[in-house]
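Structure in structure tokens, see below.
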Amino acid sequence: MDLIGLNYQTIRKLLLQQKITSRQLTEKYLHNINEGTEINAFISIFNEDAICLAREVDKKLLTGQAGILAGMVLGIKDNINIRDFRTTCGSKILSNFISPYNATVIQKLKEADCIFIGKTNMDEFGMGSSNENSYFGPVQNPVSRSKVPGGSSGGSAAAVAAGLVTASLGSDTGGSIRQPAAFCGVVGVKPTYGRVSRYGLVAYGSSLDQIGPIASNVRDCAQILEVIAGFDPKDATSANIAVPEYSKQLDRGVKGMVFGLPIDFFGEGLNSEIRMGILKAADILKKHGARVISVPSKYMDFAVPAYYIIVTAEASSNLARFDGARFGFRAEEFSDLEEMYVNTRTLGFGSEVKRRIMLGTFVLSGGYYETYYQKAQKVRRLIKKSFDWAFQKCDCLLTPVVPTTAFGVGEKTHDPLSMYLSDIYTVSANLAGIPAMSLPCGIDSSGLPMGIQIMANHFDEATMFQVAYFLEKHLT
Ligand code: GLN
């Protein structure tokens with residue numbers, strides 16, 4: 001059985017008809033992970049524990065008590081806590097940290113009878129766009145080994161694309177689910193801020209972070225979001241808003257809908273094949289009774305600077321807790337408390353994390369706070385307003401996910417600014433808090449996957465999925 005692209009609907013049918021057991025399926029995935037092509041997608045692999053879980057699921061399947069995602073094999077980004085397993089965040093400083101509790105999303109997926117097969121590789125603390133900033137080494141793009149898989153949820157996206165899991169969870173602070181999904185040719189969803197509980201997700205930029213699914217198809221993402229979304233009293237930012245059954249509303253077509261193409265997302269720097277891919281998708285929508293209009297997006301140029309000011313400010317504060325006293329790694333040599341902090345952080349953090357802590361401390365410091373941080377917050381408000389305006393006219397916006405297809409390994413590692421600029425189309429959704437997803441929209445002339453981004457209004461993931469489902473059917 002070919003596990004690449006295998007969707008959960010097919011798996012569930014096979015499980016219910018007893019043509020395969022959850023245990024057999026899990027063993028196949030484990031075989032692919034352990035003996036298949038080595039792309040370094042995992043930091044930890046749960047060999048025995050995954051089989052144990054699968055056995056339990058098989059029992060439940062026999063008695064008709066299996067949960068709604070029974071037997072779905074998942075990889076979990078290594079910044080989401082699973083009790084009794086390591087949560088490293090791709091960092092040396094947490095390389096020996098064992099989580100004492102489950103994140104809320106993990107609890108919910110457990111109740112739905114998912115199988116956790118391991119923790120996926122990532123850029124350290126979510127900081128990066130290529131997965132080259134992991135203490136555990138870079139991840140390779142399974143489509144083309146000399147290319148990066150994107151980041152920071154590169155392990156999660158690559159594992160789906162390589163058939164090492166049915167689906168995975170990632171986190172998205174400025175594009176970390178959508179960008180690797182686009183680079184690896186899979187579907188990735190960043191929900192509305194507040195839609196999914198962040199309890200148990202190690203914080204990077206707390207006002208931007210969201211957990212979301214990555215899968216080979218839209219329906220699987222919709223089903224996973226249905227399970228993990230919803231109010232959680234343990235997360236003060238989680239919203240008490242009903243969660244629709246996304247997977248039951250997918251097939252509603254696009255007739256009468258209005259789509260916006262934000263003008264500045266199609267300017268200089270965008271790869272022409274990606275542009276054509278998106279315009280082709282727009283044409284398909286038009287042919288099926290939708291209207292496509294241009295909408296202004298005038299603050300686009302300020303999105304990356306505003307994002308990198310806000311996210312580094314929040315990161316510098318969030319990462320202050322990793323000091324060797326309470327969690328994970330501690331330097332062996334020091335003569336007093338301060339030296340213990342300094343040596344632990346010097347040895348424990350990688351260079352990109354240090355750069356961000358310094359940037360964040362700088363933009364928050366006296367004299368610069370108004371010039372940088374406060375101004376960035378003003379830009380954030382303007383970006384949010386411009387989306388509010390666009391969603392009065394349109395149901396969804398269509399944009400590229402990244403200006404290019406997957407770039408080469410090592411191509412941008414010595415030029416952080418060019419790395420940051422690859423986030424240009426993804427960060428504004430985080431700044432505004434709206435849902436956005438990446439959907440494959442073809443292969444370019446060198447054989448690399450291209451992605452289209454669909455953005456929707458706050459808490460309107462249902463419409464976003466409906467459009468994605470339609471395009472998925474018509475683009476392939
Ligand atoms: N590439 C962006 C950054 O480095 C986004 C990361 C993310 O979404 N976690 O901050």
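Once Rh for segment 261-352 is found with the Kirkwood sum over Cα pairs, what is the Stokes-Einstein diffusion coefficient at 10 °C and 1.306 mPa s, in µm²/s? Before the final figure, lay out the partial values.
On the way: Rh = 17.8 Å.
For these conditions, the coefficient is 89 µm²/s.
Also, quick follow-up: Provide the descending list of Cα extents for segment 165-305 along its principal axes, expressed in whole angstroms.
Here the Cα extents, ordered largest to smallest, are 43, 39, 30 Å.
Here's something else I'd like to know. In whole Å, what are the Cα extents of segment 150-217 along the three principal axes, biggest one first?
31, 18, 18
Here's something else I'd like to know. So for each of 97-109, 191-203 I average, over its residues, the number of other beta carbons within 10 Å; can you give me the resulting order with the highest mean first? Mind dumping the intermediate values first?
On the way: 97-109: 20.2, 191-203: 23.8.
Top of the packing list down: 191-203, 97-109.
OK, next. How high is the relative contact order of segment 179-289, in percent, with contacts defined as C-alpha pairs under 8 Å that are six or more residues apart? Before the final figure, lay out the partial values.
Values: 112 pairs, mean separation 23.9, N = 111.
The value is 22 percent.
On to the next question. Given charges of +1 on the Cβ of Lys and Arg and -1 on the Cβ of Asp and Glu, with all other atoms neutral, how large is the dipole of segment 257-340 about its Cα centre, in debye to the nearest 20? The partial results should precede the final answer.
Working: 9 positive and 12 negative charges, 217 e Å.
I would put it at about 1040 debye.
Report Rg/Rh for segment 362-422, rounded to two decimals, where Rg is the Cα radius of gyration and Rh the Kirkwood radius. The partial results should precede the final answer.
Numbers: Rg = 16.9 Å, Rh = 15.0 Å.
Over the Cα atoms of segment 362-422, Rg/Rh equals 1.12.
Rounded to the nearest whole Å³, what is the per residue volume of the convex hull around the Cα atoms of the chain? Numbers along the way, then the final one.
Working: hull volume 66.3 nm³, N = 476.
Taking the convex hull of the Cα positions in the chain, it is 139 Å³ per residue.
Then there is this: Using only alpha carbons, build the gyration tensor for segment 95-241 and give me the equivalent ellipsoid semi-axes, biggest first, whole Å.
On the way: eigenvalues 107, 55, 41 Å².
In descending order, the three semi-axes are 23, 17, 14 Å.
Right, next: Anything over 26 Å Cα to Cα? Flag those among Lys92/Lys378; Lys28/Lys110; Lys119/Lys378; Lys298/Lys378; Lys119/Lys375, in the order listed.
Working: Lys92/Lys378 36 Å; Lys28/Lys110 20 Å; Lys119/Lys378 37 Å; Lys298/Lys378 14 Å; Lys119/Lys375 38 Å.
From Lys92/Lys378; Lys28/Lys110; Lys119/Lys378; Lys298/Lys378; Lys119/Lys375, over 26 Å: Lys92/Lys378; Lys119/Lys378; Lys119/Lys375.
With viscosity set to 0.692 mPa s at 37 °C, what whole-number translational diffusion coefficient in µm²/s follows for segment 129-175 from Stokes-Einstein and a Kirkwood radius over Cα pairs? Numbers along the way, then the final one.
Working: Rh = 10.7 Å.
Stokes-Einstein gives a translational diffusion coefficient of 307 µm²/s.
As a test of the definition: which semi-axes, in Å, follow for segment 406-463 when you take the square root of five times each eigenvalue of its alpha carbon gyration tensor? Largest first, please. Provide the component values of the computation, followed by the final result.
Details: eigenvalues 132, 65, 7 Å².
Its equivalent ellipsoid spans semi-axes of 26, 18, 6 Å.
Sticking with this one: Hey, what number do you get for the chain at 222 nm if only DSSP H runs of n ≥ 4 count, each worth -39500 (n - 2.57), divided across all residues, to the nearest 500? Don't skip to the end; give the middle numbers.
On the way: 15 runs with 179 residues, N = 476.
The per-residue figure over the chain is -11500 deg cm²/dmol.
So if the hydrodynamic radius of segment 374-476 is defined as the Kirkwood radius over C-alpha pairs, what does Stokes-Einstein give as its diffusion coefficient at 25 °C and 0.890 mPa s, in µm² per second? Could you put the intermediate results ahead of the total?
Values: Rh = 15.2 Å.
It diffuses with D of about 161 µm²/s by this estimate.
Now, a different point. At 1.4 Å probe size, what's the solvent-accessible area of Lys234? Round to the nearest 10 Å².
Taking all protein chains as shown, Lys234 has close to 130 Å².
Could you state, as a whole-number percent, how many of the C-alpha pairs of segment 336-385 are farther apart than 19 Å? Let's see the in-between values first.
Details: 597 of 1225 pairs.
Here the long-distance tail beyond 19 Å is 49 percent of all Cα pairs in segment 336-385.
Moving on to the next point. Using only C-alpha atoms and all pairs of different ones, pull out the Kirkwood radius for segment 27-76 in Å with one decimal.
Values: mean 1/r = 0.0825 Å⁻¹.
Computed over segment 27-76, the radius equals 12.1 Å.
Sorted by packing (mean other beta-carbon atoms within 10 Å per residue), highest first, where do 302-309, 46-53 land? Walk me through the numbers before you get to the answer.
Details: 302-309: 22.0, 46-53: 16.9.
Going by the mean number of other Cβ atoms within 10 Å, highest first, we get 302-309, 46-53.
Percent of alpha carbon pairs in segment 215-272 separated by more than 12 Å? Spell out each step's value before the answer.
Values: 1285 of 1653 pairs.
Considering segment 215-272, 78 percent of its Cα-Cα pairs are separated by more than 12 Å.
Further question: Sorted by accessible area (1.4 Å probe), largest first, how do Thr10, Thr463, Thr399 line up? Intermediate values should be presented prior to the final figure.
Values: Thr10 60, Thr463 20, Thr399 0 Å².
Descending accessible area places them as Thr10, Thr463, Thr399.
Ranking request for peptides 15-24, 173-182, 356-365: highest mean number of other beta-carbon atoms within 10 Å first, then the rest in descending order. Walk me through the numbers on the way to the answer.
Values: 15-24: 15.7, 173-182: 33.3, 356-365: 18.3.
Highest-to-lowest ranking by the protection proxy: 173-182, 356-365, 15-24.
Give the Cα extents of segment 96-181 along the principal axes, in whole Å, largest first.
Computed over the Cα atoms, the extents are 38, 26, 24 Å.
Per the 1.4 Å probe, what fraction of the accessible area of the chain, in percent, lies on carbon and sulfur atoms? Could the numbers behind the result be given before it?
Working: 9610 of 18360 Å².
The computed percentage sits at 52.
Assign one of three labels to segment 237-302, namely rounded, prolate or oblate, based on the Cα gyration tensor with a ≥ b ≥ c the square roots of its eigenvalues; rounded applies when a/c is under 1.5, prolate when it is not and a/b is larger than b/c, and oblate otherwise.
On the way: a/c = 2.28, a/b = 1.30, b/c = 1.75.
Since a/c reaches 1.5 but b/c is at least a/b, the shape of segment 237-302 is classed as oblate.
Right, next: For segment 1-99, evaluate the Debye formula with one uniform point scatterer on each Cα (no solvent term) and list log10 I(q)/I(0) at q = 0.11, 0.21 Å⁻¹, rounded to two decimals.
Taken in order of the listed q values, log10 I(q)/I(0) reads -0.38, -1.13.
The values are calculated or read from the model by the stated rules, or taken from the named source; none is laboratory data. Please read these numbers as outputs of a predicted model, since none were measured by experiment. Neighbour counts run over all protein chains shown; Cβ positions are idealised from the backbone, glycine included. Ligands, DNA and RNA are stripped out before the accessible areas are found, and what is left, the full protein with its side chains, is counted by its heavy atoms. Shrake-Rupley method; radii C 1.70, N 1.55, O 1.52, S 1.80 Å.
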